[in-house]
Amino acid sequence: MQKGQSVERARRLGVMGGTFDPIHHGHLVAASEVADRFGLDEVIFVPTGRPWQKEARGVSPAEDRYLMTVIATASNPRFSVSRVDVDREKVTYTVDTLRDLRAYHPDAELFFITGADALASILSWQDWEELFALAKFVGVSRPGFDLNTEHLAAHLDTMPADAVTLIEIPALAISSTECRRRASEDRPVWYLVPDGVVQYISKRNLYRPVDAERRDGA
Ligand code: ATP
Ligand code: MG
C-alpha cells in the first residue's frame with residue numbers, strides 16, 4: 001500500500017426500526033449511544049409500514065410517522081430515514097427490512113438497534129438465523145425491562161457469540177404509548193419528543209379520538 005492511501009473499511013450502518021408513533025427522545029438517545037459505542041457512520045431510522053405486533057390497535061398513518069421521524073432526525077448529519085418499510089405493501093417483518101437495506105448497501109456492516117423489550121421478542125421471530133446473517137444486533141437497556149434475564153441469557157448462549165451485544169444506555173423512561181396518552185388528554189409532550197414533533201402532533205391533531213375522523217378526511 002502506498003503512503004497516504006487509506007484502507008477502505010466497510011461502512012458501519014445502524015438500523016433503528018420502530019413504529020415511531022410518535023418518535024421520542026428514548027429512540028434518539030438509543031441511536032446516538034449505539035452510534036458512538038460502535039463507531040457507526042450513519043444510523044438509518046426505519047418507520048414500520050404495518051407493524052406485525054400492533055395490528056390490533058390503530059396505528060397512525062405511515063406518512064405521519066415517517067414525517068415525524070424526518071423532523072426528529074433532520075438536525076443530525078449522521079441520522080437518516082428510510083422508506084423501505086413504509087413503501088412495502090405487506091406487514092413489516094424485521095427480516096424484510098434487513099434484506100432490503102442489505103440490497104441497498106451490499107458492502108456495509110449492518111447493526112440492528114433494539115430496546116430490551118423488543119429484543120425479547122427476537123426469540124419469537126421466525127428467521128433468526130437469517131437475521132443474524134444479515135446484521136449484528138445491539139440490545140439497549142430500557143427502563144422497566146430487564147436486559148439480563150436468565151431467559152434471554154439462556155437463548156443468547158445458543159446463538160453465535162457476536163450476534164447480539166447488550167449495552168447500558170442513559171435511562172429515559174419514555175414510551176410512545178405514554179406520549180399518545182398525554183396528547184389525547186391534552187397534557188404536555190414537550191421535552192419527551194423533539195419540539196418539531198410536538199408541533200406536528202398538534203398541527204395534524206394526532207392522538208385525539210374526537211378529531212380522528214376530521215384528520216383522515218383532511
Ligand atoms: P409503543 O409504546 O407504541 O410500543 P415505543 O416507545 O416502545 O412505542 P417503538 O416504536 O415501539 O417505541 O420502539 C422502537 C424501538 O425503540 C424498539 O426497539 C424499542 O425497544 C426501542 N425503544 C423505545 N423507547 C425506548 C427507550 N425509552 N429506551 C430505549 N429503547 C427504546
Ligand atoms: Mg414498543
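The values are calculated or read from the model by the stated rules, or taken from the named source; none is laboratory data. Just so we're clear, the structure is a prediction, and the values are computed from it rather than from any experiment. Every residue, glycine among them, receives a Cβ derived from its backbone with ideal geometry; neighbour counts consider all protein chains shown.
With respect to the conditions (1) closer than 30 Å to Ala133 by Cα; (2) part of a loop (DSSP other than H, G, I, E, B), Asn205 falls short on a single one, namely (1). When the residues of segment 65-98 are filtered to those that are at pLDDT below 95 and basic (Lys, Arg), the one that is farthest from Arg50 (Cα to Cα) is Arg88.
Of the numbered criteria (1) within 14 Å of ligand 1 (Cβ to nearest atom); (2) part of a helix (DSSP H, G or I), the one Leu156 fails is (1).
Could we say that Ala72 is in a helix (DSSP H, G or I) and touching a helix residue (DSSP H, G or I) at 6+ places or on another chain (Cβ under 7 Å) here? Considered against the rule, which asks whether it is in a helix (DSSP H, G or I) and touching a helix residue (DSSP H, G or I) at 6+ places or on another chain (Cβ under 7 Å), Ala72 comes out as yes. None of Asp117, Asp96, Asp87 is loosely packed, with under 15 Cβ neighbours inside 10 Å and either within 15 Å of ligand 1 (Cβ to nearest atom) or in a helix (DSSP H, G or I) (or both) except Asp117. Taken over segment 99-114, the criterion of being more than 17 Å from the chain's Cα centre (by Cα) and assigned to a helix (DSSP H, G or I) is satisfied by Ala103, Tyr104.
Considering segment 18-42, and only residues there that are under 20 Å from Ile174 (Cα atoms) and assigned to a loop (DSSP other than H, G, I, E, B), the residue that is nearest to ligand 2 (Cβ to nearest atom) turns out to be Thr19.
Answer yes if at least one residue in segment 169-182 is part of a loop (DSSP other than H, G, I, E, B) and either among the basic types (Lys, Arg) or away from ligand 1 (no atom under 13 Å from the Cβ) (or both), and no otherwise. No, segment 169-182 contains no residue that is part of a loop (DSSP other than H, G, I, E, B) and either among the basic types (Lys, Arg) or away from ligand 1 (no atom under 13 Å from the Cβ) (or both). The conditions are (1) in contact with a Phe, Trp or Tyr (Cβ under 9 Å, 6 or more places away or on another chain); (2) surrounded by fewer than 20 Cβ atoms within 10 Å (Cβ to Cβ), and Leu147 fails exactly one of them. Which is it? Here Leu147 meets the rest and fails (1).
Results for (1) touching a His at 6+ places or on another chain (Cβ under 9 Å); (2) β-branched (Val, Ile, Thr); (3) within 16 Å of ligand 2 (Cβ to nearest atom), shown as yes or no for each residue.
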| residue | (1), (2), (3) |
| --- | --- |
| Arg88 | no, no, no |
| Asp107 | no, no, no |
| Gly115 | yes, no, yes |
| Ala133 | no, no, no |
| Gly139 | no, no, yes |
| Thr149 | no, yes, no |
| Pro160 | no, no, no |
| Glu168 | no, no, no |
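Going through (1) more than 16 Å from ligand 1 (Cβ to nearest atom); (2) surrounded by 12 or more Cβ atoms within 10 Å (Cβ to Cβ) one by one, Lys136 falls short only on (1).
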